[in-house]
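Enquirer: Before I ask anything, let me first share the structure, which is written out below as structure tokens.
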Amino acid sequence: MSDREGPSNRVGRLLGAVVASLRTAGERWYATPVLTVGAFALLAVLPQALDVRVFGVGLGSILSLQALILALLWATAAQSWNLVSGFAGQFSLGHAAFFGLGAYTPLVLAREFGVSPWLGMLAGSAVAVAYACCLGGLTFRYDIRGSYFVLVTLAFAELLLYLFVNVDAVGGASGVVKPLPDAYGTAFGLVAFQFRERLPYYYVVLAFLAVVTLVALLVQRSQTGLYLRAIRDDEDAARAVGIPTVRYKLFALALSAFFTAWAGAFWAMYFPSIRPRVVFGVLVNIDIVLPAAIGGIGTVAGPIVGAFTLEIVSELGRQAVDFPELQDIVGGVVLLLVVLKSPGGLVSLPGKVAALVDRVTGETRSVWDRDPSRTEDD
Amino acid sequence: MLGVLLGAIYAIVSVGLTIIFGVMDVVNIAHSAFVALGMYTVWMVAQRGLSPFLGVPVAGVLLFVLGVAIQRSAIAPLVEERQSSRLLVTIAFSIVIVAAIEATFGPTPRNLDLDLGSIELGGVYVIRSQLYALVVAAVTFAAVWVFLHRTHTGRAIRGTADNRTSAAYAGIDVERIDAITFGLGAGLAGLAGALVTFVQPFDPYLGNTYLTIAFVVVVLGGLGSIPGTVVGGLVVGLLHVFGSYFLPGTYYKVLILVVFVALLVFRPTGLFGGSVDE
């Protein structure tokens, strides 16, 4: 890195000034709203930017619209997961249950009863919340935490997987094919939740992500968010000071399930068909956790940053070597690197860079000095 | 017979899982990948024209080495971190290993096509290869039990599982114990995977099924209890066989998981939890 060249270095001082001004800007009250709106505005124009070419090189050669849509989809699911697993610290490895219920409900309702997928999506959310309450009621009531909670959530997701594989009324192992819009009395378009092109899907899932992100921000800044953080850091202490921990954990889980079901509904309406293995499988659990874990668990920006990082790295990798398992391998390797080299996730990197610059410029800000990885550089 | 063998295999997977959990407080998601690696080790050995039974110890040793390597390189640096970061590391390894197997061998199911015939045992015909697999499983259990109870290292492992800090004060090198435990757990998973090949066709994702069932077994027996795990494994193995006989399709898996949930409600500490001194 260039910013290690010594205290007298001019580049170092310049960087220091830039970081300092960025940091004061970052501390202002309007920083988060401005950043969030800016980021989403950027995402809104991103599909148009795919076609722009400068000197024959364009974003479109790295990223496809399909990849962007999937990145947004997993970002939405990861953001929802983060509500209970990041904010409240209850690590779930069973969000595929909510995702799958969210995918199946609108499709089955639309196919069998001609219900609009939008209503179906809300119904799916309701089903997912009900399931979350069963799960949370059993686990939280018996004070199942940590590793045990991981086990139970996974088992609940697998239970649904095997149930849906065996119930022929919902298609069994071969799943459900998405009905055409006339099956529920509409034509292609927003009302039908089905489009002939990819671009409208992009904006639908972007809107989903925006809603979940807004909810996450609101929760984070509310008293509920404060209680959830207290539960994450020390549940016994939180209970001791009078926080009804079971109720708050249940709330976080239900909220998380509600929005995870949206991601599932989008999946169902985007792809031509769904199968139990694809929406309830173990890999879905992992796909939901990955973006948050890579970007930064417990942060609002983390799931979005993580999802896009993953998608960009796998797209770049795919251009070098192309085989179908590449995406999984990339995901695993990136996750491993992040956990080992930057435990706070990618979003903690700017803080670390700032600390490095501080050291180069001779400034000391004790807040940044806590990172243990820094001592290795000395 | 098949129920007992399946139960034994489930129990071997679960014992590996439970000792890793006991010592390091991590739910080893990569266990499914270790099981899958064990299956394909046997496959490779059989492809070379050698007896598939030779693949069983090979799988055990290979996975032990891999387990130690993974523990040393990726889990040891995170011992002081939150439990979730160790969990994430095992998830990462699980994805990479399964994807690598799929890339190498393809996703299609394989079958050993091993036919050694059957023998009559007390009026019941028993498939010979499954009988041998059961013997291997029984020997494995005896070996693990002797190792954990009668050797210095084994006692050190149990001591570390009981209380890490006290173990360190008593002069136990806990980092070495961590490595050995993870290696042992991985080795047992590999061995179990190797035995699976004598029972059913296998594909790169079959390990996931065994992992889920191992979770049930572990909770059934009480986390950290080895006798409990053996009994839990046998119970689930029998549930599997009788369930698939009396219920249509793969409903037996639903049955196993329903038992798991019911257990959580009525006896969250497991059938043996709290009562078995381990």
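The values are calculated or read from the model by the stated rules, or taken from the named source; none is laboratory data. Everything numeric in this text was worked out from a predicted model, so none of it was measured. Here Cβ is always computed from backbone atoms with ideal geometry, including for glycine, and neighbour counts include all displayed protein chains.
Enquirer: Can you name the condition, by its number, that A:GLY94 falls short on among (1) more than 9 Å from chain B (Cβ to nearest Cβ); (2) surrounded by fewer than 24 Cβ atoms within 10 Å (Cβ to Cβ)?
Expert: Going through the list (1) more than 9 Å from chain B (Cβ to nearest Cβ); (2) surrounded by fewer than 24 Cβ atoms within 10 Å (Cβ to Cβ), A:GLY94 breaks only (2).
Enquirer: Test of understanding: among A:LEU335, A:LEU340, A:LEU316, A:LEU349, which residue is within 12 Å of another protein chain (Cβ to nearest Cβ), within 28 Å of A:PHE208 (Cα to Cα) and modelled with pLDDT of 80 or more?
Expert: A:LEU335
A quick yes/no check of all residues on (1) part of a helix (DSSP H, G or I); (2) buried (at least 24 other Cβ atoms within 10 Å of the Cβ); (3) touching a Gly at 6+ places or on another chain (Cβ under 8 Å):
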position: A:PHE266; (1), (2), (3): yes, yes, no
position: A:ARG277; (1), (2), (3): yes, no, no
position: A:VAL284; (1), (2), (3): yes, yes, yes
position: A:ALA292; (1), (2), (3): yes, yes, yes
position: A:ILE297; (1), (2), (3): no, yes, yes
position: A:GLY302; (1), (2), (3): yes, yes, yes
position: A:ALA307; (1), (2), (3): yes, yes, yes
position: A:VAL313; (1), (2), (3): yes, no, no
position: A:LEU316; (1), (2), (3): yes, no, no
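Enquirer: Kindly list the number of the only condition in (1) touching a strand residue (DSSP E or B) at 6+ places or on another chain (Cβ under 9 Å); (2) within 14 Å of chain B (Cβ to nearest Cβ) that fails for A:ILE274.
Expert: (2)
Enquirer: Taking segment A:126-145 as the region of interest, how many residues are within 7 Å of chain B (Cβ to nearest Cβ) and either farther than 17 Å from B:PHE260 by Cα or aromatic (Phe, Trp, Tyr) (or both)?
Expert: The qualifying residues number 1.
Enquirer: Between B:LEU87, B:LEU66, B:LEU54, B:LEU62, which is in contact with a Phe, Trp or Tyr (Cβ under 7 Å, 6 or more places away or on another chain) and modelled with pLDDT of 85 or more?
Expert: One residue alone meets the criteria, B:LEU87.
Enquirer: Which one is surrounded by the most Cβ atoms within 10 Å (Cβ to Cβ) among residues in segment B:72-116 that are farther than 22 Å from A:SER85 by Cβ and within 17 Å of the chain's Cα centre (by Cα)?
Expert: Per the criteria, the residue is B:VAL98.
Enquirer: Does at least one position in segment A:190-213 carry a residue that is within 14 Å of chain B (Cβ to nearest Cβ) and either within 26 Å of the chain's Cα centre (by Cα) or of a type outside the set (A, V, I, L, M) (or both)?
Expert: no
Enquirer: Can you find a residue in segment A:240-249 that is loosely packed, with under 14 Cβ neighbours inside 10 Å and assigned to a helix (DSSP H, G or I)?
Expert: Looking for residues that are loosely packed, with under 14 Cβ neighbours inside 10 Å and assigned to a helix (DSSP H, G or I), one finds at least one in segment A:240-249, hence yes.
Enquirer: Report every pair of residues separated by at least 6 positions or lying on different chains whose Cβ atoms are under 8 Å apart, first residue within segment B:166-178 and in contact (Cβ under 8 Å) with a residue 60 or more places away in the chain, second aliphatic (A, V, I, L, M) and not in a helix (DSSP H, G or I).
Expert: B:GLU175/B:VAL79; B:ASP178/B:VAL79
Enquirer: Which of (1) within 14 Å of chain B (Cβ to nearest Cβ); (2) surrounded by fewer than 24 Cβ atoms within 10 Å (Cβ to Cβ) is the odd one out, the single condition A:ALA78 does not satisfy?
Expert: (2)
Enquirer: Out of B:GLY55, B:GLY38, B:GLY67, report the one residue that is among the small types (Gly, Ala, Ser) and over 21 Å from B:GLY106 (Cβ atoms).
Expert: B:GLY67
Enquirer: If B:GLU102 satisfies every condition in (1) acidic (Asp, Glu); (2) assigned to a helix (DSSP H, G or I); (3) more than 10 Å from chain A (Cβ to nearest Cβ) but one, which is the exception?
Expert: (3)
Enquirer: Please go through segment B:54-75 and give me each residue that is aliphatic (A, V, I, L, M) and over 19 Å from A:GLY345 (Cα atoms), ordered by number.
Expert: Correct list: B:LEU54, B:VAL56, B:VAL58, B:ALA59, B:VAL61, B:LEU62, B:LEU63, B:VAL65, B:LEU66, B:VAL68, B:ALA69, B:ILE70.
Enquirer: Please enumerate the residues belonging to segment A:146-159 that are surrounded by fewer than 24 Cβ atoms within 10 Å (Cβ to Cβ), aliphatic (A, V, I, L, M) and more than 7 Å from every other protein chain (Cβ to nearest Cβ).
Expert: Within segment A:146-159, none qualify.
Enquirer: Could I ask something else about it? Run B:VAL265 past the list (1) buried (at least 17 other Cβ atoms within 10 Å of the Cβ); (2) at pLDDT below 80; (3) of a type in the set (A, V, I, L, M, F, W, C); (4) in contact with a Leu (Cβ under 7 Å, 6 or more places away or on another chain) and report the number of the one that doesn't hold.
Expert: (1)
Enquirer: If you check B:ASP162 against the conditions, is it over 28 Å from B:VAL42 (Cβ atoms), acidic (Asp, Glu) and at pLDDT below 85?
Expert: Yes.
Enquirer: Among the residues that make up segment A:361-372, is at least one of them within 12 Å of chain B (Cβ to nearest Cβ) and either at pLDDT below 85 or touching a strand residue (DSSP E or B) at 6+ places or on another chain (Cβ under 8 Å) (or both)?
Expert: Yes, segment A:361-372 contains at least one residue that is within 12 Å of chain B (Cβ to nearest Cβ) and either at pLDDT below 85 or touching a strand residue (DSSP E or B) at 6+ places or on another chain (Cβ under 8 Å) (or both).
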